[in-house]
């Protein structure tokens, strides 16, 4: 998708800004999210003639690389750490879990490796397909699928039997693309 | 074990799907203008530090070089403010009356104010203070609100901030925060909103304590050095009570 004009780039920017902002907010310090988003789109502008037809995974990958580069000066990292909502929200997710089950889920999440968290987040929070998530991480689709399956198993094992999925209560906007 | 509970992770999503607020839409458009403008202008960019979520989790700051597009870089150097200006910092700000702000500083801030470039009319100045050689102020014109910091040497920066939101009398919120520059040119800042009963706010970050300027429901403060914002904010209300919270707990 070669973008030749300001108008074409602006349309792409407006179509994906919110998703990129959310992607970065899940990972970067809140005070710096706007700058990471800005740098991501600045990079996209410079590469506008080389963008893929679906630029969303490319934008996520670019933002992720910026955040990875940030931490490499301090310690080598292969995955970007994720933030979590510390408290329950008053939305469609709220009735899905008891407070106790939520704490169990939070503990299970925190017990996962950063890599497992990242794999699960791309699947659930970003709602990416396996192919798109693989593009973000720079691995093959098969490798991502395998890692996702393992991450799901580890999450379930750590959460224990107290955290159960009530499919009847899962809101429609829970992303589970694969 | 075959059960898949991963869909439940939606409850932990720190940025759940929602429409952008009006203010976020304004920032979206401002950022787009900055990207398009920055892409055309080759100029020196400052080094900027970014603290990541992972760095916060392990209590260590991480450094990164990211070209800023969300604020206006005025001059070259290690950051928007010179090391000389930053070294003159004082923990207690000298409150300036809107009419007594340094005219050169105010000219800089008005010239580089964010928002509609075609807007006309006078600016309203609030949260004006002086720490050493650095003047900080908030300019409002119409719907455009700008936080500005500038040294007596003419180096500084501006950034868009939000209008004051609804807030309980004894509460404070954080609107924006960040760190700019590197080494001796590094500084950190916080800007937020304060309820009507908030008398004073102090930020404790490492060995430094910085008293914020509380003015008309908005508080502003800055201090030398980068920050991962794991320090504390102490809020004192008009009834004499005080309480402290971590800075990063104010991020939402």
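Name the residues in segment A:113-134 that are within 10 Å of chain B (Cβ to nearest Cβ) and surrounded by fewer than 19 Cβ atoms within 10 Å (Cβ to Cβ), would you?
Across segment A:113-134, the qualifying residues are A:114, A:127.
For the condition at pLDDT 85 or above, assigned to a helix (DSSP H, G or I), in contact with a helix residue (DSSP H, G or I) (Cβ under 9 Å, 6 or more places away or on another chain) and within 26 Å of residue B:249 (Cα to Cα), what is the one hit in A:70, A:44, A:63?
A:63
Test residue A:140 against the criterion of being touching a helix residue (DSSP H, G or I) at 6+ places or on another chain (Cβ under 7 Å) and modelled with pLDDT of 80 or more, and give yes or no.
yes
Tell me the residue from A:89, A:83 that is at pLDDT below 85 and either in a helix (DSSP H, G or I) or surrounded by fewer than 16 Cβ atoms within 10 Å (Cβ to Cβ) (or both), please.
Every option except A:89 fails the conditions.
Looking only at residues in segment A:42-62 that are farther than 16 Å from residue A:14 by Cα and within 13 Å of another protein chain (Cβ to nearest Cβ), which one is surrounded by the fewest Cβ atoms within 10 Å (Cβ to Cβ)?
Among those that are farther than 16 Å from residue A:14 by Cα and within 13 Å of another protein chain (Cβ to nearest Cβ), it is A:49.
Within the set of pairs 6+ apart or on separate chains, which have a first residue in segment B:122-137 that is without any contact (Cβ under 8 Å) to a residue 24 or more places away in the chain, a second that is part of a strand (DSSP E or B), and C-beta atoms under 6 Å apart?
Pairs found: B:123/B:139; B:123/B:141.
Could you identify the single residue in B:185, B:244, B:207, B:227 that is in contact with a helix residue (DSSP H, G or I) (Cβ under 7 Å, 6 or more places away or on another chain) and at pLDDT below 95?
B:185
Suppose we filter A:11, A:15 for residues that are over 18 Å from the mean Cα position of the chain (by Cα), more than 7 Å from chain B (Cβ to nearest Cβ), at pLDDT 90 or above and in a helix (DSSP H, G or I); which single one remains?
None of the other options fit; the residue is A:11.
Per-residue answers, yes or no, for (1) within 12 Å of chain A (Cβ to nearest Cβ); (2) at pLDDT 85 or above:
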residue: B:17; (1), (2): yes, yes
residue: B:25; (1), (2): yes, yes
residue: B:72; (1), (2): no, no
residue: B:92; (1), (2): no, yes
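Restricting attention to segment A:23-41, report how many residues are in a helix (DSSP H, G or I), free of Cβ contacts under 8 Å to residues at least 24 places away in the same chain and at the interface with chain B (Cβ under 7 Å from one of its Cβ atoms).
Summing the residues that are in a helix (DSSP H, G or I), free of Cβ contacts under 8 Å to residues at least 24 places away in the same chain and at the interface with chain B (Cβ under 7 Å from one of its Cβ atoms) in segment A:23-41 gives 6.
Taking only segment B:2-32 into account, find how many residues are part of a helix (DSSP H, G or I) and over 18 Å from residue A:101 (Cα atoms).
Counting residues in segment B:2-32 that are part of a helix (DSSP H, G or I) and over 18 Å from residue A:101 (Cα atoms) gives 11.
From the list B:52, B:81, B:31, exactly one residue is at pLDDT 85 or above, within 14 Å of another protein chain (Cβ to nearest Cβ), surrounded by 18 or more Cβ atoms within 10 Å (Cβ to Cβ) and under 26 Å from residue B:182 (Cβ atoms). Which is it?
None of the others qualify; the one that does is B:31.
The values are calculated or read from the model by the stated rules, or taken from the named source; none is laboratory data. The shown structure was predicted, so the numbers you read here are calculated from the model rather than taken from an experiment. Note: ideal-geometry Cβ built from the backbone for every residue, glycine included; neighbour counts use all protein chains shown.
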